[in-house]
Amino acid sequence: MLSRVAESIYWMSRQMERAENLARFLEVTLNLTLDQADSLVDPWEPLVQVTGDTEWFVEKYGVPTQQSVVNFLAFDLEYHSSMLTCLRAARENAKSVREMLSSEAFEQINEFYHFVSDSSATQITDPTAAFFDSVRDYSLLWSGILDSTMAHDMRWHFANVGRLLERADKTSRILDVKYFNLLPNVTDVGTAIDDLQWSTLLLAISGFEAYRREHHLVNIEKVVAFFLFHQAFPRSVRSCVAGAHWSLTEIEAKSNSDEPGEAIQHIATLQHRLTESNVKEVIAGGMHQFIDLVQLELNQIGESLTYDYFNAPRPS
Amino acid sequence: MTHNRSQSQASATQNQSQTSALTEQGFVAPQLAGYKCEGFFDELVDENNFARPDAENLIELINRLPPEELLRRQNAIEKSLYRMGITFTVYSDEAGTEKIMPFDVVPRIVSAMLWQHIEAGLKQRIRALNRFLSDIYGEQKIIQDGVIPRDIIDSAPSFLKECIGLKPPGDVWCHITGTDLVRDNSGGVYVLEDNLRCPSGVSYVLQNRHVMKRNFPQVFAASQVRPVNDYPSRLYGMLQAIAPKGVTHPMIAVLTPGVYNSAYYEHSYLAQQMGVELVEGRDLTVKNDIVYMRTTDGLQRVDVIYRRVDDTFLDPETFRKDSCLGVAGLMKAYRAGNVSLANAPGTGIADDKVVYAFVPDMIKYYLGEESILANVPTYLCHRDEDREYVLANLDKLVVKAAGESGGYGILIGPHASPAEREEFAGKIRTDPRNYIAQPTLQLSRVPTLAGNALEGRHVDLRPYILCSGKDDIWVMPGGLTRVALKKGSLVVNSSQGGGSKDTWVSAEAGQDIASDWQDE
């Protein structure tokens, strides 16, 4: 398959996943503000912090408020990773490989983009969780269409790698939001508020019901383990990395190159660590630091893909 | 629901009793209620509003449906075209706004007999144009024999010296042609221009048909319409047939300038329908005169390229140095016979608007035949006599710049202001070689939705022709009917506010009909 096509499919898929996760962030926070007493920590600032683009935000918007953060994360076309920017980029990528997608897949991206773009004016002034819920529905529909209307060949595997690397990254960031939220209020641990916050977090990765079925009660260690190390839940970091590993293996098997690529070696290492890690040690050693490291490794895998398959020259 | 239905049935009966009449043969031909031909030739009805023979089913349907229902279906179709992303990019808009080509729900119908005439004429024309291209880039006998003046060829920007001596496989230069046809007030068919480089629009033909079949299944089934949806297979077959010698399973690719090209949708649609690669210049590389594409597996050889990149952008080594749309070394690979290009580079000389005027002479010269399809009478401004006539009659003529297309560089004399005519007169005097003029034809019309009413709008027709060998020429039964949506306008280009219609060519006994064909 053409290198350019592989790269565009990979990015299209990443950008769609990114847009979905931004909607999840915002939806959860909008819900949280409805249940939370005013005295508690402001939920909007951490959303900016996890992007890593706080400086950019402060320069343009100043103090984070509901409206400014929603505008920033959802609709700001000047921000390189807002939901609408991602959808627009995903659609541009989809357009450039349209002949490689199923018609259903292209049409769905097209509709999705128009839906968000058409809603932006009203949602900036009066954002609703219901809107971001619809965005989540559109995304789930997209995932389903991708999986059930395209042959699971190289194209699909590149899309799958993009989707899962992005998802692993964002699941870890959603967990990180809690870190920012909790840090100033360690005394809240174990309170009803804490329970509410962790539950909301589980909702953000659609994992609330799965978690309850296994553990019934909210327990920090178990929630962290669910996010990072669950073997079977499709949005846990470990399960995303395992899926991406599988797709990369398939891609390697189908390509004719003699030596294994860098990406597959990196991902094997990461997967090994996720299998071997212990949640107690992670919390003891600092969850935030652990997540940082995982994110760094995910980035490295992404970069290796460009050398391995997209024909970019390796930096010397 | 029930109430509405009985209402529309009641009004249908009323319409029929008011608008039908006995013809001489004794059967009832429906009349298009409230429609006015206004002295123009109409493709669907005669001057008394009676349906032409092949349009009876359609006119009956239109009479039966309340006008708001037609509009509703048209809006539904336009919405679905937008949803499907069947759009062209508007260059001027920086957000890269996309628009659908406006679609009109009333099809144009072409009788089997008229089609026979058109098809024969187009095949003849392609044969002559291929001979001309071989000759003009070869021995140039046609110049030596005084049929075409040398300076016309030498001064044409589309004549590429770099192509002299090329010998495309089977002497076929124009594999894919879109010829623009018009009908005048008497119903006579004229060739308006030949498009031999990268004619676009065929994807609209296929999609228009697709949405019409879905939205008007009954009338479609009742009308004997010839199918068009085998075009991608035919195109693929043609591309396969022109593969370099010895290549039995060619790797075929469509070469596009990229996602920002106005016809990008079409490029990707055709690649998808044929199941071949869609490549951009940057995906290709030439090594040892062999063309490769860059894949996740390394380099892979390409044998046939359906190029949708204009001649002079194809190869920066040979043509424009500044082109990043093409591939360096492509022409050398082509000369070496290692890759086939459709259309062959250099074909642009045959659709120069001045050279166009000589096509009937070419047909006589190369084939010894009279041309079946007439040209529109054309004045060549580089001839003193013609130029004087043109300058004296600018208010009656259409003037066109020879090197422009897409409806740009045109003066429609009768509709222009004195100042505009004066401006064009200046241009003609400065560069007479670049201008031709033609009488303003009263183009034929087709009933078209204007709000809730049907009004006549002028149309042209671009059928597509595939040629894989001297005697292997296929004409798509139908083509792109473009319609000038503005009242009275003669300009049908989509860049100038034109729209399109489905084109129904009636089948003769024994010919395939579209309703029997499964849609994709």
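The values are calculated or read from the model by the stated rules, or taken from the named source; none is laboratory data. Not measured: the values here are computed from a predicted model. Neighbour counts run over all protein chains shown; Cβ positions are idealised from the backbone, glycine included. For the accessible areas, the whole protein counts, side chains as well, though only heavy atoms, and no ligand, DNA or RNA atoms are used. Shrake-Rupley method; radii C 1.70, N 1.55, O 1.52, S 1.80 Å.
Below are the figures for this structure:
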{"read-out": "Euclidean distance between Cα centres, segment B:217-260 to segment B:101-128, Å", "value": "18"}
{"read-out": "Accessible heavy-atom area order of B:Leu122, A:Leu203, highest first, probe of 1.4 Å", "value": "A:Leu203, B:Leu122"}
{"read-out": "Apportionment of accessible area to carbon and sulfur, segment A:201-249, percent (1.4 Å)", "value": "59"}
{"read-out": "Shape of chain A, Cα gyration tensor, a/c cut at 1.5", "value": "oblate"}
{"read-out": "Length-normalised contact order for chain A - Cα pairs under 8 Å, 6+ apart - percent", "value": "23"}
{"read-out": "Other protein chain Cβ atoms within 10 Å, averaged over every residue that makes up B:239-249", "value": "0"}
{"read-out": "Cα-based convex hull volume of segment B:377-440 per residue, rounded to whole Å³", "value": "73"}
{"read-out": "Gyration tensor verdict on segment A:1-150 (Cα atoms; rounded if a/c is under 1.5, prolate if a/b is larger than b/c, oblate otherwise)", "value": "prolate"}
{"read-out": "Accessible surface of segment B:372-520, 1.4 Å probe, proportion on carbon and sulfur as whole %", "value": "47"}
{"read-out": "Over 20 Å (Cα to Cα) - which of B:Lys427/B:Lys486; B:Lys79/B:Lys501; B:Lys161/B:Lys321; B:Lys79/B:Lys487; B:Lys287/B:Lys332 fall in this group", "value": "B:Lys427/B:Lys486; B:Lys79/B:Lys487"}
{"read-out": "Residue mean of other protein chain beta carbons inside 10 Å, B:277-288", "value": "2"}
{"read-out": "Helical mean residue ellipticity (222 nm; -39500 (n - 2.57) per DSSP H run of 4+; nearest 500) of chain B", "value": "-9000 deg cm²/dmol"}
{"read-out": "Buried on assembly, segment B:297-316 (at least 40 Å² less accessible surface than by itself, 1.4 Å probe)", "value": "B:Asp297"}
{"read-out": "Hull volume in cubic angstrom per residue (convex hull over the Cα atoms of segment B:288-391)", "value": "171"}
{"read-out": "Scattering profile of segment B:245-338 at q = 0.13, 0.22 Å⁻¹ [log10 I(q)/I(0), Debye over alpha-carbon scatterers]", "value": "-0.41, -1.17"}
{"read-out": "Solvent-accessible area of A:Trp11 with every protein chain in place, 1.4 Å probe, in Å² to the nearest 10", "value": "90"}
{"read-out": "Pairwise centroid distance, computed over Cα atoms, of segment B:56-90 with segment A:130-147, Å", "value": "30"}
{"read-out": "The protein assembly as shown - accessible surface per residue (Å², probe 1.4 Å)", "value": "41"}
{"read-out": "Cα long-axis angle, helix B:231-241 against chain B (0 to 90 degrees, to the nearest 10)", "value": "20"}
{"read-out": "Nearest 10 degrees, 0 to 90: helix B:418-430 Cα axis against chain B principal axis", "value": "20"}
{"read-out": "Largest to smallest accessible area among A:Met12, A:Met1 [probe 1.4 Å]", "value": "A:Met1, A:Met12"}
{"read-out": "Low-density loop positions, trypsin sites (Lys or Arg not before Pro), segment B:192-290 - DSSP coil, at most 11 other Cβ in 10 Å", "value": "B:Lys245"}
{"read-out": "Helix-only CD estimate at 222 nm, as mean residue ellipticity for chain A, using -39500 (n - 2.57) per DSSP H run (n ≥ 4)", "value": "-24000 deg cm²/dmol"}
{"read-out": "Principal-axis tilt of helix A:103-125 within chain A, Cα atoms, nearest 10 degrees", "value": "30"}
{"read-out": "For the protein assembly as shown, convex hull volume per residue from C-alpha positions, Å³", "value": "211"}
{"read-out": "Solvent-accessible area, 1.4 Å probe, carbon plus sulfur percent, for segment B:245-338", "value": "48"}
{"read-out": "Rounded to the nearest 10 Å², the accessible area of B:Glu404 at probe 1.4 Å", "value": "90"}
{"read-out": "Shape call, segment A:164-311: gyration tensor on alpha carbons, a/c limit 1.5", "value": "prolate"}
{"read-out": "Set of lysines with alpha-carbon distance to A:Lys178 below 24 Å, sequence-local pairs under 8 removed", "value": "A:Lys170, A:Lys222, A:Lys280"}
{"read-out": "Interface size B-A, as summed buried accessible area [1.4 Å probe, Å², nearest 100]", "value": "2200"}
